């Protein structure tokens, strides 16, 4: 009994912490365990001989695997999405400070049609709600975020002028949206990462706009 509990605990740890290979091994161990159990205990439960029980169970498992291949693939291969916005990502180019963020996929499954939105801005009334953010370089189409890769997105720009606002940049369809976050205040931005094959991920970012053009604090 103790050995069985230790094996079960090891399988749970490998499933939660391991990569796709270990999850596939755990899944194979579960299937093997079902087959061995059916071979050993099937006749004792009133079933036919051992080999017929094993063949029947293996056939059933094969049918289920074929029907649930997409579900099994999502169980084995997973994305791990993190969103980061920091002062170290701010670039100065073409006379303005670009405030940017980064979406990283450290998992072993790609994110299809990845995109980032600003749901809302707390700290000041904003005209931007559910506005899409563009990728660095001005690309606005959804992008595939592959395994072990990251993408940079633009949040807004601030001109190199004392007391200038941070201009949020977003779009809905073909319509561009912009909103100025005036200096001297702290704002909370609710960002969301979407993908066709993932659950949404939310990230709340606090941004403090100082008086000087370079004073943009992101804890």
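See the values below:
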read-out	value
Between the stretch 128-160 and the stretch 178-219, the alpha-carbon center distance in angstrom	13
Additional length obtainable on full extension of the chain from residue 113 to residue 186, 0.36 nm per residue less Cα span	23.1 nm
Proxy reagent accessibility, fewest Cβ within 10 Å first, across 172, 83	172, 83
Label-to-label distance, nm, for residues given as residue 92 and residue 146 (7 Å Cα→Cβ offset)	3.5
Residue order, fewest to most beta carbons within 10 Å, for 199, 80, 109	199, 80, 109
Protection proxy ranking of 148-155, 87-94, 112-119 - average other beta-carbon atoms within 10 Å, highest first	112-119, 148-155, 87-94
Cα pair distances in the stretch 81-217, grouped into 10 Å bins until the bin that holds the longest one, percent each	12, 45, 33, 9, 1
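All of the numbers you see were taken from the coordinates with simple rules; none came from a lab. Remember, it's a predicted structure, so these values are computed and weren't measured experimentally. Every residue, glycine among them, receives a Cβ derived from its backbone with ideal geometry; neighbour counts consider all protein chains shown.
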